[in-house]
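Worksheet: one structure, shown below.
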Amino acid sequence: MPVARPDVTTALRATRLWRAASDDAVEALALHARVEEASRGRILMTQGDLADRLGVVVAGALKVYNLGADGRALSFEKIGSGEPFGAIAALAGTRYPATVEAATDATIAWLPREALFELIASNPELARTLVTDLAGRIVNLTAVAANLSLDVPSRLAGYLFQRSLECGRATSAGLVVDLGMSKGELASALGTVPETLSRALARLRDDGVLEVRTRDVIVKDVGALARLGSGFDR
């Protein structure tokens, strides 16, 4: 009797899309998986390709981004172990809307879309879990699109405000906030280029909102970040 790889089964059990499935159902799904080892920098799916399968990260991390006509990458998210990608497009039978690249060496479990339909057919209660999760992802992508309607200083302020809430450290000089990534990566995540990001940081500095350092900033006015990040203080 065939047995799925233990690491693949563990990753699939952690996947939120079918969190209500029984262990037997997940094991059956794991038997459909085709496992791929990807080195850092490898492109796993390209926007515009026909979506006939979805992936689950077994180990490592991936980055999801869209390439504009000018060749600039707009980062959507970074995903890790147990997280799915390409699921909405695969279920719809359309084309992948984004490119997925290995951010580190990674192990991927590929599942044909029909395997997921079989899982739903044998476990009808999973349909509600799938719809709820995928709807949440669409809402998040809508929020990303709304954020991109803001100018770069506003997008930056919104990001720094969220970082302030998550990891800000109070000091006598102000709230120290780690950027969480390099400035080049942050520029890509905000849908801009490093030069424009530098100008946005300089604007916030000149307005007295923050002090810029190498890997972090010192926030002087959290309220100003919140107002500018919401788009109400432009």
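The values are calculated or read from the model by the stated rules, or taken from the named source; none is laboratory data. Please read these numbers as outputs of a predicted model, since none were measured by experiment. Quick reminder, even Gly has a Cβ in these numbers, built from the backbone with ideal geometry, and neighbours come from all protein chains shown. SASA here: full protein model, heavy atoms, side chains in, ligands and nucleic acids out. Shrake-Rupley method; radii C 1.70, N 1.55, O 1.52, S 1.80 Å.
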Q. Tell me, what does the Kirkwood hydrodynamic radius of the chain come to in angstroms if you use every pair of distinct C-alpha atoms?
A. 19.5
**Q.** the chain, helix-only ellipticity at 222 nm - DSSP H runs n ≥ 4, -39,500 (n - 2.57), divided by all residues, nearest 500
**A.** -13000 deg cm²/dmol
Q) Just GLU195, GLU36, GLU27 to compare: in a GNM of the chain, with alpha carbon springs under 10 Å, which one fluctuates most? A) GLU195
(Q) What aspartates and glutamates does LYS183 reach when the alpha-carbon gap must be under 14 Å and sequence neighbours fewer than 8 apart in one chain are set aside? (A) GLU195, ASP216
Q: Assuming R0 = 25 Å, can you tell me the calculated FRET efficiency for the pair GLU77 and ALA202, based on Cβ-Cβ distance, to the nearest 0.05?
A: 0.35
Q) Fully extended, how many nm does the chain gain between THR132 and ARG16 (0.36 nm per residue separation, minus their Cα-Cα distance)? A) 40.7 nm
Q. List the aspartates and glutamates whose alpha-carbon lies under 16 Å from that of LYS220, not counting same-chain residues fewer than 8 positions away?
A. ASP178, ASP206, ASP207, GLU211
Q: Can you spot the aspartates and glutamates whose alpha carbon is less than 14 Å from LYS63's alpha carbon? Ignore those fewer than 8 places along the same chain.
A: GLU77, GLU83, GLU101, ASP105, GLU185
Q) Quick one: if you stick a label point 7 Å off each Cα along the C-beta vector at LEU31 and GLU195, how many nm between them? A) 5.8
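Under the definition of Cα pairs under 8 Å and six or more residues apart, what whole-number percent is the relative contact order of the chain?
For the chain, the relative contact order is 19 percent.
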Q: Enumerate the amide H contacts of LEU44 below 5 Å, restricted to partners 5 or more residues apart or on another chain; note that Pro and chain-start residues carry no placed amide H.
A: VAL100, GLU101, ALA102
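Protein chains only, probe 1.4 Å: how do LYS220, LYS183 rank by accessible area, largest first?
Result of the area sort, largest leading: LYS220, LYS183.
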(Q) At R0 = 22 Å, how high is the FRET efficiency between GLU185 and ARG95 if r is their beta carbon distance? Nearest 0.05 is fine. (A) 0.25
Q: Rank PHE85, PHE76, PHE117 by mean-square fluctuation in a GNM of the chain with C-alpha springs under 10 angstrom and give only the top-ranked residue.
A: PHE117
Q) Quick one: length gained pulling ASP105 to ASP49 fully straight, 0.36 nm per residue minus the C-alpha distance? A) 17.9 nm
Q: Taking just the C-alpha trace of region 1-61, give me its Rg and Dmax in Å.
A: 12.9, 38
